[in-house]
1. Pull up region A:52-65, narrow it to residues that are in a loop (DSSP other than H, G, I, E, B), more than 8 Å from chain B (Cβ to nearest Cβ) and touching a helix residue (DSSP H, G or I) at 6+ places or on another chain (Cβ under 8 Å), then point me to the one that is surrounded by the most Cβ atoms within 10 Å (Cβ to Cβ).
2. Is one or more of the residues making up region B:47-69 facing chain A (nearest Cβ under 8 Å) and closer than 21 Å to A:Gly155 by Cβ?
3. How many residues are more than 11 Å from chain B (Cβ to nearest Cβ), in a loop (DSSP other than H, G, I, E, B) and among the aliphatic types (A, V, I, L, M) if we restrict to region A:95-133?
4. In this structure, is B:Ala168 in a helix (DSSP H, G or I) and either at pLDDT 95 or above or among the β-branched types (Val, Ile, Thr) (or both)?
5. Just give me the residues in region B:272-281 being surrounded by fewer than 16 Cβ atoms within 10 Å (Cβ to Cβ) and assigned to a loop (DSSP other than H, G, I, E, B), in sequence order.
6. In region B:2-30, what residues are within 9 Å of chain A (Cβ to nearest Cβ) and free of Cβ contacts under 8 Å to residues at least 40 places away in the same chain?
7. Restricting region B:276-315 to residues that are touching a residue at least 40 places away in the same chain (Cβ under 8 Å) and of a type in the set (Gly, Ala, Ser), which is nearest to B:Leu260 (Cα to Cα)?
8. Name the single residue that is surrounded by the fewest Cβ atoms within 10 Å (Cβ to Cβ) among those in region A:143-168 being closer than 24 Å to A:Gly49 by Cβ and of a type in the set (A, V, I, L, M).
Amino acid sequence: MTAPVHTATAALRVNGAPHELRLDTRATVLDTVREQLGLTGAKKGCDHGQCGACTVLVDGVRMNSCLLLAVACDGAEITTVEGLAGDGGLHPLQSAFLERDAFQCGYCTPGQLCSAAGALRELAAGRPSAVTGEGHPPGLPVVASDEEIRERMSGNLCRCGAYPGIVRAVADVAHTGTAPGDREGGAW
Amino acid sequence: MRPFRYQRATGAEAAVATLASSPGARYLGGGTNLVDLMKLGVERPELLVDVTALPHTAVEDLPGGGLLIGAAVRGAELAAHPAVLDRCPAIAQALLAGASGQLRNAATVGGNLLQRTRCPYFQDPGKPCNKREPGTGCPAREGAHRHLAVLGASPHCVATHPGDLAVALTALDAAVRVRGPEGTRTVPLTALHRLPGDRPERDTVLDHGDLITHVELGPVPEAAGSVFRSARDRAAFSFALVSVAAALEVDRGFVRRVRLAFGGVAARPWRARAAEDRLLGSPATAEAFARAVDTELAPAEPLRDNAFKVPLLRALTVRTLLELAGRSPGAGERPPEEP
């Protein structure tokens, strides 16, 4: 005997576009953006919150979309990798990932990019991590050292092992706001 | 995943009433553990009552310097809260020592305290497990138990509470405010989680329908110097093998005040009262610290593959207490950085 499916409605704003959706209550944000909205950037890696390939921004905050029930996100603004740049071009992180060879197969990359975007905001907002000095004044920006970037990106796994390039790419954007190739004069 | 109904709670009283009349219902916080367990088939709720929109999302001052922390506050927010960093840094350190940035942004304080064990048999419905399905047995005793308990286990279950936050809260004598069908009550952290005994399916003393609404932290002067330290298999995004939350005041070389709690060793955060008693008035030396930890860990009954936890916890605790003893008042203080 199969239990009846339960549905509910949810209003999600995804990459700026409003969607009124009727959803199976079991649908995650990941399944919803991929299968209902055709946004296949966010990836299903482990589906258990361990690999980070599904990372999206929810109201500007990075989360694992595989563990978020879509019905629980009613009213939220979701940003996937497709909406990261906002204007159809490349986000500075995307340019930096290209410049720094920060991926091979690319499967984890959308999650890495969204996670990095969230991590940069958290650094700027002065949110501490496990490696932030205990004397850091609350609320002041945290310097994006390689150690900070590695710790803060630890929720995103890369089976290709592109970590050195990822750290460089995130550091580029953290320190200059742009990828090296996007800088005036182009010298690096 | 089994189909379920979803409701967003608009009031705590109504949410509690709904749960009390629905045995198959569960509260939903950030969902980082519950939704995962639903995918695994370990949890099979008929109804989820989402409590994240209830007004339990603030960190407020209590008279005398204490804090009232809403149960729906996200872990990342609490770890960055100036009052927490200032008055009880062990809490922030414990939060930041676990999970990933993404998980901490979603997971709530109440859900963190009620997270289930990561015992591999509990998480696999294809295996026997007395906690998940009472009476089916415990393969962990003979099987994969490297992460499991060395203290307070029973023949029926050797699971550990996996969290770090509860360890810091236990050391600082925090309590949870609970709203239940019969009203509200306060439960000290030291009495919240249960040892398995012959009822391993019950992680805590809470009954179905009980809702944690707040964490209450009284004024504890030595909490301002508290720390949380853990030993992990990896340097990031890893559960603690063992952990310690501690606060220490040394007066002319002797221990004047001490608070000590261990994680990763039992089904509940382990307040090390025997070690605290032994330490009070004793010299603040590595030898005295080690003897006190040995007193606490004397009843340990490690299994084949987790005996390493005893010397690891001993070393971690001695190192942590030495670190705290080295921060003697005055000498250890640095001038505040300019904002």
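The values are calculated or read from the model by the stated rules, or taken from the named source; none is laboratory data. No experiment lies behind these values; they were computed from the predicted model shown. Cβ: placed from backbone, ideal geometry, glycine included. Neighbour counts: every protein chain shown.
1. Among those residues, the one meeting the criterion is A:Cys54.
2. Checking region B:47-69: at least one residue is facing chain A (nearest Cβ under 8 Å) and closer than 21 Å to A:Gly155 by Cβ.
3. 1
4. Criteria met by B:Ala168.
5. Residues of region B:272-281 that are surrounded by fewer than 16 Cβ atoms within 10 Å (Cβ to Cβ), as a first pass: B:273, B:277, B:280-281.
Answer for region B:272-281, where residues must be surrounded by fewer than 16 Cβ atoms within 10 Å (Cβ to Cβ) and assigned to a loop (DSSP other than H, G, I, E, B): B:Leu280, B:Gly281.
6. Result: B:Pro3, B:Leu28.
7. Going through the qualifying residues, I end up with B:Ala284.
8. Ranking the candidates gives A:Leu157 first.
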